[in-house]
1. Exactly one condition in (1) free of Cβ contacts under 8 Å to residues at least 24 places away in the same chain; (2) in a helix (DSSP H, G or I) is not met by residue 85; state its number.
2. Does any residue in region 38-58 that is on the phi < 0 side of the Ramachandran plot and at pLDDT below 90 come within less than 6 Å, Cβ to Cβ, of a residue that is surrounded by 13 or more Cβ atoms within 10 Å (Cβ to Cβ) and not in a loop (DSSP other than H, G, I, E, B) six or more places away or on a different chain, and which pairs are these?
3. Tell me whether region 78-86 contains one or more residues that are surrounded by 15 or more Cβ atoms within 10 Å (Cβ to Cβ) and at negative phi.
4. Pull out all pairs, ordered by first then second residue, where Cβ-Cβ is under 8 Å, the residues are six or more apart or on different chains, the first lies in region 197-211 and is within 13 Å of residue 158 (Cβ to Cβ), and the second is surrounded by fewer than 12 Cβ atoms within 10 Å (Cβ to Cβ).
5. Among (1) touching a helix residue (DSSP H, G or I) at 6+ places or on another chain (Cβ under 8 Å); (2) more than 30 Å from residue 124 (Cβ to Cβ), there is one condition residue 207 misses while meeting the rest; what is its number?
6. Got a sec? Which of 29, 58 is outside any loop (DSSP other than H, G, I, E, B), out of contact with any helix residue (DSSP H, G or I) (no Cβ under 7 Å at 6 or more places or on another chain) and surrounded by fewer than 20 Cβ atoms within 10 Å (Cβ to Cβ)?
7. Check region 70-80 and report whether any residue there is modelled with pLDDT under 95, more than 24 Å from residue 174 (Cα to Cα) and either within 16 Å of the chain's Cα centre (by Cα) or part of a helix (DSSP H, G or I) (or both).
8. Please list, ordered by residue number, the helices (runs of 4 or more DSSP H) wholly in region 115-222 having 1 or more residues that are within 22 Å of the chain's Cα centre (by Cα).
């Protein structure tokens, strides 16, 4: 017993929370990575006003940002089997998180793209850069630098959203917490749940903060 917490129960439950933490990190990492790709694609489609894709991207962004993750998960896990497509909980979690996050990441990247001054673009064109070179060497580096704070906030938001994955039978941290708390030991379970979320999310927050400070020090995006 230490500060009202039974160390014996902690030792017994620690491996279960550890496995759940790795599963949570895996689903979050895959979902966030896909959301970055989706968000960047949608932001470029809107920035360059690509016919058809611009309207489609705008509609997707509004749908993703104005519907909760829980609805996405219910649709994927319980709705799709009605039309003959069955997905496991982890796959549903990754797709649902990517769908939700893509809308938020698209807005973050769009803000970064719009922050690139017209003078920078005109300078690149005057140097004879092609459209692809302009995007790769002039526009994207500056846009990404400006978007870092919003991308960081969205990443942390999405990692915390993994707490609802238990509704589609993903044995994540909250799933294990809900399973073990039935036996009592609420203080111990709350302690472990809090510690593991801090261990997962805090390093990501620190990493993004350092990256942002480095970009500011190097003068990128300003």
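1. Every listed condition holds for residue 85 apart from (2).
2. From residues that are on the phi < 0 side of the Ramachandran plot and at pLDDT below 90, the pairs are 47/113.
3. So in region 78-86, the residues surrounded by 15 or more Cβ atoms within 10 Å (Cβ to Cβ) come out as none.
Scanning region 78-86 turns up no residue that is surrounded by 15 or more Cβ atoms within 10 Å (Cβ to Cβ) and at negative phi.
4. Note: no pairs meet the criteria.
5. Exception for residue 207: condition (1).
6. On the way: 58 fails: out of contact with any helix residue (DSSP H, G or I) (no Cβ under 7 Å at 6 or more places or on another chain).
After applying the criteria, what remains is 29.
7. yes
8. Details: elements: 118-126, 140-161, 173-180, 186-218.
Output list reads 140-161, 173-180, 186-218.
The values are calculated or read from the model by the stated rules, or taken from the named source; none is laboratory data. Just so we're clear, the structure is a prediction, and the values are computed from it rather than from any experiment. Note: ideal-geometry Cβ built from the backbone for every residue, glycine included; neighbour counts use all protein chains shown.
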